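Bear in mind these aren't lab numbers, they're just calculated from the coordinates by the rules spelled out. Small disclaimer: the values here were computed from a predicted structure and weren't measured. Ideal geometry is used to build each Cβ from the backbone, glycine not excepted, and the neighbour counts take in all protein chains shown.
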Amino acid sequence: MDKFETFTGVVCAVERANIDTDALIPKEHLKSIKRTGFGPALFSDWRYNADGSDNAEFILNHPKTKGASILVGRNNFGCGSSREHAVWAVAQQGFKVVIAPNEGEIPGFADIFRNNCAKNGILTIQLSSEQVDQIFSMASADEPLEATVNLEKQQVSFKDAVFTFEIEPAVKEKLLQGLDDIAESLMYEADITRFEATHDAQLIGA
């Protein structure tokens, strides 16, 4: 997993709440046993017409969102099933950050989706509803909207606004260091090897 670094990217704002994992990647795209090639399937039911052509009305197909790396939605983003393919599709489309509003009892993200994002190097940011409203307002202009994301400072900066966000320290550190679960475990490889050398695996649990 690559280290998360400060970057400036284009925003794609999808004006919908409760975007579930079936909307992110419909079930017909889950047949592959590989972890690659899911980017084109992201939002496929909304993104393409019945004949497979691009749906010009969907925001991801607009010229102003070309190459977008910051995805913005409404609350409860990533709800539904636990399929990790949804996160793979988001990442392989080129998104590094997903932003959604936290409305108190209604979270910005479903827990499993948020955890899967962290394990795949995607930063999820929860802002207030008012702040996300402001982003959608800025994104409604005809030209591309750019933002700079600085995880170290925990800030998202636009031309006319700067928003600060909260993040769990452990998640922040793993993203900054580019550590997935396996890489984090391997940090203790010497301890694991020492334990295995002094314990008979066949006796454990006997």
Does any residue of the stretch 98-116 turn out to be touching a helix residue (DSSP H, G or I) at 6+ places or on another chain (Cβ under 9 Å) and at positive phi? no
Checking the structure you have, find out if any residue of the stretch 100-107 is within 17 Å of Gly73 (Cα to Cα), part of a helix (DSSP H, G or I) and of a type in the set (Asp, Glu). no
Checking Thr164 against (1) among the hydroxyl-bearing types (Ser, Thr, Tyr); (2) within 18 Å of Ser69 (Cα to Cα); (3) out of contact with any helix residue (DSSP H, G or I) (no Cβ under 7 Å at 6 or more places or on another chain), which single condition isn't satisfied? (2)
Take Asn75 and decide whether it is of a type in the set (S, T, N, Q), under 20 Å from Arg114 (Cα atoms), in contact with a Lys or Arg (Cβ under 8 Å, 6 or more places away or on another chain) and part of a loop (DSSP other than H, G, I, E, B). no
Counting just the residues of the stretch 125-167 that are in a strand (DSSP E or B), of a type in the set (Ser, Thr, Tyr) and without any contact (Cβ under 8 Å) to a residue 40 or more places away in the chain, which one comes out surrounded by the fewest Cβ atoms within 10 Å (Cβ to Cβ)? Thr164
Which of the residues spanning the stretch 21-69 are over 23 Å from Glu84 (Cβ atoms), in a loop (DSSP other than H, G, I, E, B) and not hydroxyl-bearing (Ser, Thr, Tyr)? Asn49, Ala50, Asp51, Gly52, Asn55, Ala56, Glu57, Phe58, His62, Lys66, Gly67
State all residues of the stretch 47-76 that are more than 21 Å from Leu145 (Cα to Cα) and crowded, with 18+ Cβ neighbours inside 10 Å; if no residue qualifies, say none. Asn76
Conditions (1) under 14 Å from the mean Cα position of the chain (by Cα); (2) without any contact (Cβ under 8 Å) to a residue 40 or more places away in the chain: number failed by Ala56: (1)
Matching residues in the stretch 6-39 (free of Cβ contacts under 8 Å to residues at least 24 places away in the same chain and not small (Gly, Ala, Ser)) number 6
